[in-house]
Structures are given as structure tokens and as C-alpha cells.
Amino acid sequence: MSQSPSYRLRPIAAFRAVRNLMRNREDTHQVFLLIDALRGKTTLRQFARFRQTETGRTVLGERRRLLDRLSDRASLAALPAGSLGRAYYDFMASENLSAEGLVEASLITMQALPADDVTLFRERSREMHDLLHVVTGYGRDPLGEACLVAFSYAQTRLKGFAVIAVNAARRIARARPGQPVRRAVFEGYRHGRSAGWLPGADWEALLAEPVEAIRAQFAVKPPTYYRKVLAAVRGLNDEATPGYADASIQPSS
């Protein structure tokens, strides 16, 4: 049974989610609990912007679900090398991930939501996360995730993303003294600020487009400090680290 969402901030619930997430950084459920606890009316403001766009009107009018496209692995695998859809397919395969995985993790906060346009937008925003890994070049390592949520905070203004980014930056910086960890995370935020508004992108159409063209279209800058940290940690040069340039050319499995 669906229920109307609450727009009240819940700092105690957010604190509990952060504490649990720090204990187990793989507990994706806590990410959704944290974001939801600090959501407030931010998503409503983002949705109002979305429905004013041509893409938003089309998506809402057609009741289009991005998940349907991202779950069609055969279609994604058939796309040309270098395209967003093919790069996304390769990325998910290499990381042993699926679009349905995020859906399952998000049920803790989304299963009781009404089947309305706002929920459709929230689902679309959820599905966008792994596409952003490819477009931004941030990997799934802890620093890459921290940089990406900082980027996402700049794009969405969801406070939960900011909390995760700050806590992760502090933890990783302690483990990597002398490395520009905080600069890498702040750079992610700055790049999110300067990029075009990706929640309003026509992702279904972009799947067939080259990743480099999408980066140029939305002014997504290459991560500099993130790659420096990876190179130092892994003892590899920039060309060998999975990052901005490499996300679109990972070999398929």
C-alpha cells in the first residue's frame, strides 16, 4: 500500500544511517536511508525543474522507465564500442553489477511510494548513478564513490550526498596521508557545479552516443586529483588507471 512521503528532515535517522554505513561501507541500504532522511523538499524542486524540460515532459507523458533500457543487456552489448550504452554494459559486467541491484537496495525507502510522476523521477535519478560513473570517469573504489557523490550533490542538492562525501573524504584522507584526497572530492563537487544538468538528460537517447561526445555536450571535465591519487596508490601511470579516459573503452567480458 502506497503512502504519501514525508518532507520533514530526520537528523537522528540520518545519524544512525551514517553510523551504520561507517561500520559497513557495502551496506547500500544505509545510503538510501541517509538520503531519504535528509531529502526534505529537495526532490520536489528538482522534479519541478525536470518537468519543465522537453525530456521531462516526454518521459512523464510516456511513463518511460530508464530501468527498462538498462536491464536490456543484449541491446546494450550490441551498441558500438565507445558508446555510453556499451561502456555502461562493460562497466556493469566488470563490476558484477546490475541495474536491478540498486532497485533492490532502494526498496527500503521506495517500495511504499505512490506510483506518481515524482516517484518516476526518483527512480530515474536512482538509475542514473551508474551511468554517471561512466560519464564522469569515477570508479567504484571508495575515493571514486566519494567523488561521484560530491558531483551528485552539486547536481541534485540532496544533503545526504554531501554528508557521505564529507565523511568519506575524511576517512580516506586519514588512510592516505600526503595524497590530495580532499581536493579530489572537492573537485568532484566543482565539476558537478560546472557541468550541465544531467538529471534532465535524455539518457535513453544518449545510450547510443559516444561517451566523449556526451562529456563535451554536458561540459563534464576530467578528474585530475582523483587520478593522481589512484596513480600513487596503485603505482600506475594515468594511462593505466581506470578513470575519465578509460571508462568508455573498458573491454567487454
Checklist outcome for this item: Relative contact order as a percentage, the chain, C-alpha pairs under 8 Å and 6+ apart, gives 24 percent
Checklist entry - With charges only on Cβ, +1 for K and R and -1 for D and E, what is the dipole size of the chain about its Cα centre, in debye, rounded to 20? => result 1460 debye
Checklist entry - Under a plain spin-label model, where a point goes 7 Å from the Cα along Cα-to-Cβ, how far apart in nm are Ala81 and Leu97? => result 2.3 nm
Checklist outcome for this item: Given a Förster distance of 45 Å, the FRET efficiency implied by the Cβ-Cβ spacing of Leu107 and Ala219, rounded to the nearest 0.05, works out to 0.85
Next on the checklist: Along the charge dipole of segment 1-103, pointing to its positive end and built from +1/-1 on Cβ of Lys, Arg, Asp and Glu, which listed residue (Gly56, Leu44, Leu21) has its Cα farthest out?
Outcome noted: Leu44
Item to check | Accessible area of the chain belonging to carbon and sulfur atoms, whole % at 1.4 Å probe | outcome: 52 percent
Checklist entry - What does the convex hull of the alpha-carbon atoms of segment 98-209 project to on average, in nm²? => result 7.8 nm²
Checklist entry - Whole-Å semi-axes of the chain's equivalent ellipsoid, largest first, each the root of 5 times a Cα gyration tensor eigenvalue? => result 27, 24, 16
Item to check | Projected label distance in nm at Phe186 and Arg63, using a 7 Å step from Cα toward the beta-carbon | outcome: 4.8 nm
Checklist entry - What whole-number value in Å² describes the accessible area per residue of segment 116-164 for a 1.4 Å probe? => result 24 Å²
Next on the checklist: Taking only the Cα atoms of segment 74-154, how large is their convex hull per residue, in Å³?
Outcome noted: 119 Å³
Checklist entry - Rolling a 1.4 angstrom probe over the protein heavy atoms, how many square angstrom per residue are accessible across segment 2-106? => result 57 Å²
Item to check | Restricting segment 139-224 to trypsin sites (Lys or Arg not before Pro) in coil, as DSSP defines it, with at most 11 other Cβ within 10 Å | outcome: none
Next on the checklist: Show me the GluC sites (Glu not before Pro) within segment 1-84 that DSSP assigns to loop and that have at most 10 other Cβ atoms within 10 Å of their Cβ.
Outcome noted: Glu26
Checklist outcome for this item: With 0.36 nm assigned to each residue of separation and the Cα-Cα distance removed, Arg8 to Asp202 gains 66.8 nm
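The values are calculated or read from the model by the stated rules, or taken from the named source; none is laboratory data. What you see is a predicted model; the values in this text were computed from it and never measured. Cβ coordinates were reconstructed from backbone atoms using ideal geometry, including for glycine residues, and neighbour counts include every protein chain displayed. Note: accessible area is taken over every heavy atom of the protein model, side chains too, but ligands, DNA and RNA are not part of it. Shrake-Rupley method; radii C 1.70, N 1.55, O 1.52, S 1.80 Å.
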